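Just so it is clear, none of the values below were taken in a lab; they were calculated from the coordinates. Small disclaimer: the values here were computed from a predicted structure and weren't measured. Here the Cβ positions follow ideal geometry from the backbone for every residue, glycine too, while neighbour counts run over all protein chains shown.
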Amino acid sequence: MSRIFSGVQPTSIPTLGNYLGAMRNFAALQEGNECIYCIVDEHAITVPQDPAEIQKNIHNLAALYLAIGIDPKRSILFIQSEVPCHAQLGWIMQCTSTMGELERMTQFKDKSKGKQAIPAGLLTYPPLMAADILLYQTELVPVGADQKQHMELTRDLAERFNKKYGEVFTLPEPYIPPVGARIMSLAEPTKKMSKSDSNRKATIFTLDSEKDIIKKIKAATTDTEASIRYDRESKPGVSNLLDIFSLCTGRSIDELTTAYEGKGYGAFKADVAEAVVATLKPIQERYQQLIGSPELDQILDEGAEKAYEIAKKTLKAAEKALGIGRAN
Ligand code: TYM
């Protein structure tokens, strides 16, 4: 039995990448583990957000968490900003970090590139993420490959703190799936599928209609070779579709390449689209039943209370170790 923690930002509807790389594992890991899942709204405001939009996205994400199978009887589901310990330990983690190590984060470099006024929160985002994880004495963190560097920093900060002030934090391990950790853009398969891609054909959102999913996969960039085999280097588009196909059907890549030998991209893409639709449809149906239900608020209220009970103990221990407040 392990303590699991992970979070998703409430910025638009989660993508197929979010689902296959992380969220489907959130649901699976509930079996035999103690899971805590978070809507990380304080992370979302590291870049400007429209208040009405983020409010809507928080509710939608809560419904989606339940729709993918997060069971509030077994797991804790809550909103980050409703448990103030996150911002409090986030500050302590900022004071544990150095500018150099934060400036080296590739996500910071990517997101700040070309910006004239870089929000300071973009730089201090990883110590807040470390706080999210460390507050719950987390052992395992299911995430996609893009969070690997943030996870390494989290471990470094925890270790540094523990060495200097005494053993307060558990060192967490990332749980990065062997397939699906980096679902690529359908339009430019050498870059990550992302919520914020300006090309609407690049990204499948978990609530996309059947028609849109079929259209996007049909238009996915492949190559001129017309052979269905797995090669991330020279055939990134086909390989990405094979990853998606395999994850949505449970069939191995080898089984799929054998089954599609000699077949054209048209038939292959149609079957990939069908598999994605079949995966997302039951989630979308549950989502429609849940969205707007009063039960959602009750689940989030209870989640925040339970999360606070755990988080406050770690925060207190960290403050006591540092000698701040009247902790002793
Ligand atoms: P976020 O909201 O960007 O993404 C949520 C999860 O989805 C994964 N992911 C992907 N996986 C595979 N292929 C993709 N194309 C893809 N795009 C996104 C992400 O790796 C992530 O696991 N910093 C985090 C949120 C966070 C967090 C935390 C996560 C804040 N505190 C504590 C874990 C623990 C983020 O921006 O995720």
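A few points about this structure:
- Shown in residue order for the range 176-191 are the 3J(HN,Hα) couplings computed by the Karplus curve 6.51 cos²θ - 1.76 cosθ + 1.60 at θ = phi - 60°: 10, x, x, 10, x, 5, 9, 6, 9, 4, 6, 7, 10, x, 9, 10 Hz (x for Gly and Pro).
- HN-Hα J in Hz across the range 30-46 - Karplus 6.51, -1.76, 1.60, θ = phi - 60°, x for Gly and Pro: 5, 5, x, 10, 9, 10, 10, 10, 10, 9, 8, 6, 5, 5, 4, 7, 5
- Using the Karplus relation 6.51 cos²θ - 1.76 cosθ + 1.60 with θ = phi - 60°, the per-residue 3J(HN,Hα) values for the range 100-112 come to x, 6, 6, 5, 7, 5, 5, 5, 5, 4, 5, 6, 9 Hz, with x marking Gly and Pro.
- Those trypsin sites (Lys or Arg not before Pro) in the range 249-328 that DSSP places in a loop and that have at most 10 other beta carbons within 10 Å: Arg326
- Listed pairs Lys195/Lys306; Lys164/Lys306; Lys109/Lys191; Lys192/Lys215; Lys113/Lys195 exceeding 22 Å between Cα atoms: Lys195/Lys306; Lys164/Lys306
- GluC sites (Glu not before Pro) lying in DSSP loop within the range 187-248, provided at most 14 other Cβ fall within 10 Å: Glu225, Glu233
- A full extension of the chain between Ala267 and Asp301 corresponds to an added length of 7.5 nm, given 0.36 nm per residue minus the alpha carbon distance.
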